[in-house]
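What follows is a single structure, written as structure tokens, with notes after it.
The values are calculated or read from the model by the stated rules, or taken from the named source; none is laboratory data. All values derive from a computational prediction rather than experimental measurement. Here the Cβ positions follow ideal geometry from the backbone for every residue, glycine too, while neighbour counts run over all protein chains shown.
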């Protein structure tokens, strides 16, 4: 399974025999007695984690299925690994924020040093995430390393924002991220959000359009003042809100992949893929929330 975060393409879950199988499916059938993964229109079973996907439903629970051997991914596996990855992000972010506040001067020199650390940590985190994104199997060391450097980046950015732009905004951004995540989870569990191939295509197209922000950064880097205007004012708030909504949509895709992986008996180690995707999406939502709140408070 590849992360459904806007920054990364999607990797398929692996079957029990190590080959790839898509975890992005149409909604499950609702007919009474319908087998998990079966096509609602009567086609062959669609479970990608069995040796023969066209076998009878009774064969799905054979010894070839990882669930029989007790090595299949469970919700507990996902929760534990997501907590470990997210905890690494939070711990390194807090430590970095405290150290930068204690060691760096509150002047132009301190600002330059902070941004230098943030850029370096972001580049390392991006490199580690790209290496993991192109691997067929998850590497806990790569994922936790990514989380650590991502935490350094977030710690510097959060500390700088709270110190020089908008005091108290970090707590608000964290609470906002938690609220968005809880809202998406409730909506997904109640099936108010239905993740289908059409939904996936729409979200992917919207993420592609968000590349305008990259153009904005380039304009700013070449001295075009406020770039295209996406970093401040009403337009900045609008695009920030769109970014949060986009992150919420990718979070729903993450939930769908976790649900399919558990239902189809993905290997337990794939829970690291799930943790990787969830954490990168949460980081995305947090940064967008931090940006929106900073703009709103700076305009007061």
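Can you tell me which residues in region 189-198 are surrounded by 13 or more Cβ atoms within 10 Å (Cβ to Cβ) and free of Cβ contacts under 8 Å to residues at least 24 places away in the same chain? Matches in region 189-198: none.
Within region 159-188, residues that are at positive phi and free of Cβ contacts under 8 Å to residues at least 60 places away in the same chain have Cβ atoms under 9 Å from residues that are buried (at least 17 other Cβ atoms within 10 Å of the Cβ) and assigned to a helix (DSSP H, G or I) in these pairs: 168/162, counting only partners at least 6 apart in sequence or on another chain. Please give the number of the condition residue 234 fails out of (1) in a helix (DSSP H, G or I); (2) modelled with pLDDT of 80 or more. Condition not satisfied by residue 234: (2). Taking region 238-261 as the range and being in contact (Cβ under 8 Å) with a residue 12 or more places away in the chain and either over 19 Å from residue 197 (Cα atoms) or outside any helix (DSSP H, G or I) (or both) as the test, the residues that pass are 239, 240, 241, 242, 243, 244. Candidates are the residues of region 135-158 that are over 17 Å from residue 93 (Cα atoms) and either over 16 Å from the mean Cα position of the chain (by Cα) or in contact (Cβ under 8 Å) with a residue 24 or more places away in the chain (or both); the one that is surrounded by the most Cβ atoms within 10 Å (Cβ to Cβ) is 138.
Specify which of the listed residues (187, 206, 148) is in contact with a helix residue (DSSP H, G or I) (Cβ under 8 Å, 6 or more places away or on another chain), part of a helix (DSSP H, G or I) and modelled with pLDDT under 90.
Working: 187 fails: modelled with pLDDT under 90; 148 fails: modelled with pLDDT under 90.
Exactly one residue qualifies, and that residue is 206.
Of all residues in region 242-278, those satisfying the criterion of being over 19 Å from residue 189 (Cα atoms) and surrounded by fewer than 24 Cβ atoms within 10 Å (Cβ to Cβ) are 242, 243, 244, 267, 268, 269. Does residue 143 satisfy being assigned to a helix (DSSP H, G or I) and under 20 Å from residue 83 (Cβ atoms)? Considered against the rule, which asks whether it is assigned to a helix (DSSP H, G or I) and under 20 Å from residue 83 (Cβ atoms), residue 143 comes out as yes.
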